[in-house]
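Take a look at the structure below.
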Amino acid sequence: MSPPVPSPLREYPLPAIPPTDTSNSQSPATATTSTTTNPARVRLNLHPLTRLTLGTSFAFTTIFVTTALRTTHTASLQFRAENAHRLPRSQKDWFFYHRSRSYAAMRDGVVAGVKRGVGMAGYVALFVTVEEAVDAVRGGRVDFGACVVAGGVTGGWFGAVRKLPLQTTALMLRNGLWYGFLYGAAQDLLVALRGGSVAWIDPFVGRARAAKENSSRTPAAADSLQDHER
């Protein structure tokens, strides 16, 4: 009878694996979400790229539609005035007259709409970019200050690009600061209404919010005291 062959597992045992503590462990997705998502530092609860895309798309669409409609009507009247001395005489000539007028008006409307739409989308992109840059420089603090700076920069850039006089450029700068303040204040009020913390609004609503929290906690404390006495 041959001697037993030693098992390789007995001669070379596998190393023991220490038990892992799963009480404080997080999945990579959860950890990434918890470290990258911070609602307090996101304006309108939208990612900067999302706000940039929505803002530029809305600006381009609105300005393109309004400018195209207005320019089409104006170009149609202009075509009629320029050709008033040579009106058609036959039905066939009238057909070509109306077709040429429609084509000319449509062409001018589309060209003017695209130009103004792209320009307005560029100003909106500048505003959102400056707003996000100011928030990043201030360490993630989100309030109306960044909107005021972005509005002033956009208004000043508009005056410089259009080569407006100094007084008109100053007026555009002032309007940009004012509208930026209104836009930022509206965002802060929206955050405060949703229960968020805003530095310049908290002193006015802090007492009311604390009183509301205390009033909601008082009945629960009274019920627990009665249960303890029983």
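The values are calculated or read from the model by the stated rules, or taken from the named source; none is laboratory data. A quick note: this is a predicted structure, and the numbers were derived from the prediction, not measured. Here the Cβ positions follow ideal geometry from the backbone for every residue, glycine too, while neighbour counts run over all protein chains shown.
In region 187-204, the qualifying residues are those that are surrounded by fewer than 14 Cβ atoms within 10 Å (Cβ to Cβ) and in a helix (DSSP H, G or I), and the one that is nearest to the chain's Cα centre (by Cα) is Leu190.
Can you confirm whether Arg80 is surrounded by 12 or more Cβ atoms within 10 Å (Cβ to Cβ) and at pLDDT below 60? No; evaluated as a whole, the condition is false for this residue.
Residues of region 80-106 being more than 18 Å from Leu69 (Cα to Cα) and outside any loop (DSSP other than H, G, I, E, B), which ones? Before you say what the answer is, go through the steps one by one.
Restricting attention to region 80-106, the residues satisfying the condition of being more than 18 Å from Leu69 (Cα to Cα) are 81-97.
Residues satisfying the conditions are Ala81, Glu82, Ala84, His85, Arg86, Gln91, Lys92, Asp93, Trp94, Phe95, Phe96, Tyr97.
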